[in-house]
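What follows is a set of notes on a single structure, which appears directly below.
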Amino acid sequence: MKIIELLHYGSKNNLKISERKTPVIKNDEILVKVHASTVTRVDSIFRLGHEFFARMYTGIFKSKIKILGTELSGEVVQVGKNVSNFKLGDKVFVACEAAHVEFIALNEHAAVQIMPHNLSYTEAAAVPAGALTALPFLRDAAKIANGDKVLINGASGSIGSYAVQLAKHYGAEVTAVSSKENHDLVKSLGADFVIDYKTDDFTQNKNSYDIIFDTVGKSSYSKAQKSLKKNGRYLNPVINFALLFQMLVTSFFSKKKALFVATGMRKDSDKQADLKLIKELIEENKIKVVIDKTFELHDVELAYKHVDQGHKKGNVVIKIGYNL
Ligand SMILES: NC(=O)c1ccc[n+]([C@@H]2O[C@H](COP(=O)([O-])OP(=O)(O)OC[C@H]3O[C@@H](n4cnc5c(N)ncnc54)[C@H](OP(=O)(O)O)[C@@H]3O)[C@@H](O)[C@H]2O)c1
């Protein structure tokens, strides 16, 4: 089978389409023929190797990760004899590691679910990573409630586009921060108000929010806390020393909280249950999938080049298998 192999850290000439043996499944596993995956911001960071905290996970001197990719869609082509939840031909979407492969063996209790019936493989591949990050931040960490005033920074990105829609689903009033170019997009996802970060600093206007979710980690708690209500929660998925310190301090000494979740490290059973919830919301047309561009497998370098710039709209898909 084909895989996209990461040879070393860097921005050029470090991805290679290689051949590997197709995995042999165990009795409690399914084999999925991958049709589509994505290049996420996390893949871009892991490939470049520029960020200190990321290197703590991926390897200080050289990358321990040989295959990138955190989400995929595909078709079940083999079923282990003890598997009861999936059958041959099921169309599935998955949150996992090493997704840039032609076939993947997955335990039936991994973060895998039947795809929403109203999505293509291209769209379904672009759901798990963003949605399964936005959901635990808003629902579990911030305990979002009906009527909350929520500001989403980076609202046009992958996590941001799901965060806007999930916040609306939970009954919040949503202010979306993006460049002006993306205001129509974020309004189409349900945003009530928009701010252009290029001309307005949301920490400087007089508004205050129950939740500030900086999905792209461009702000800081110290600046944003003035814009939080008394029991406000500041969410940031991009870890750094200052955020760690603010989390510790606010957990003891403040009604306002700075919060981070390593969403990839949640239990598979929780992720599988959340994929089911997201599938239902998509089938009820409460969540849309935003696709920026789709690339062929052999153009994976171009896909990374686009994502590396930090301005993708929603998600960037790569076709792995059949024609989509
Ligand atoms: N904690 C966790 O477990 C976890 C899990 C997954 C991801 N993450 C992290 O979450 C971050 C975001 O991921 P993502 O996939 O959502 O990113 P993304 O899709 O690449 O974000 C792109 C968006 O960011 C917007 N943007 C760029 N600069 C901005 C600024 N200064 N202010 C406001 N918006 C700006 C862009 O909008 P414009 O084009 O309008 O500028 C673009 O639409 C990444 O750093 C990733 O590592 C953390």
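Only the coordinates and a few stated rules stand behind these numbers; no lab work does. From a predicted model like this one, the values you see are computed outputs, not experimental measurements. Neighbour counts run over all protein chains shown; Cβ positions are idealised from the backbone, glycine included.
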Self-check item: Extreme residue, surrounded by the most Cβ atoms within 10 Å (Cβ to Cβ), among residues of region 75-103 that are over 18 Å from the mean Cα position of the chain (by Cα) and closer than 16 Å to Met1 by Cα
Solution: Val101
Quiz prompt | Out of Pro136, Pro128, sole residue that is surrounded by fewer than 23 Cβ atoms within 10 Å (Cβ to Cβ), within 14 Å of the ligand (Cβ to nearest atom) and under 13 Å from the mean Cα position of the chain (by Cα) | solution = Pro136
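Residues are listed down the side, and each one gets a yes or a no for (1) within 12 Å of the ligand (Cβ to nearest atom); (2) of a type in the set (Phe, Trp, Tyr):
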| residue | (1), (2) |
| --- | --- |
| Lys218 | yes, no |
| Lys229 | no, no |
| Tyr234 | no, yes |
| Leu243 | yes, no |
| Thr250 | no, no |
| Ala258 | no, no |
| Gln272 | no, no |
| Val290 | yes, no |
Quiz prompt | The one condition in (1) assigned to a loop (DSSP other than H, G, I, E, B); (2) more than 30 Å from Val290 (Cβ to Cβ) that Met56 fails to fulfil | solution = (1)
Self-check item: Hits in region 127-155 - residues which are touching a residue at least 60 places away in the same chain (Cβ under 8 Å) and in contact with a Gly (Cβ under 7 Å, 6 or more places away or on another chain)
Solution: Ile152, Gly154
Quiz prompt | Of all residues making up region 298-324, the number that are touching a residue at least 24 places away in the same chain (Cβ under 8 Å), surrounded by fewer than 17 Cβ atoms within 10 Å (Cβ to Cβ) and over 27 Å from His183 (Cβ atoms) | solution = 4
Quiz item: Looking at (1) in a helix (DSSP H, G or I); (2) surrounded by fewer than 19 Cβ atoms within 10 Å (Cβ to Cβ), can you tell me which one Lys62 breaks?
Solution: (1)
Exercise. List the strands (runs of 3 or more DSSP E) that sit entirely inside region 147-215 and contain at least 3 residues that are more than 15 Å from the ligand (Cβ to nearest atom) and in contact with a strand residue (DSSP E or B) (Cβ under 8 Å, 6 or more places away or on another chain).
Key: 209-214
Self-check item: Residue ranges of strands (runs of 3 or more DSSP E) in region 69-138 with at least 1 members charged (D, E, K, R)
Solution: 71-79, 91-95
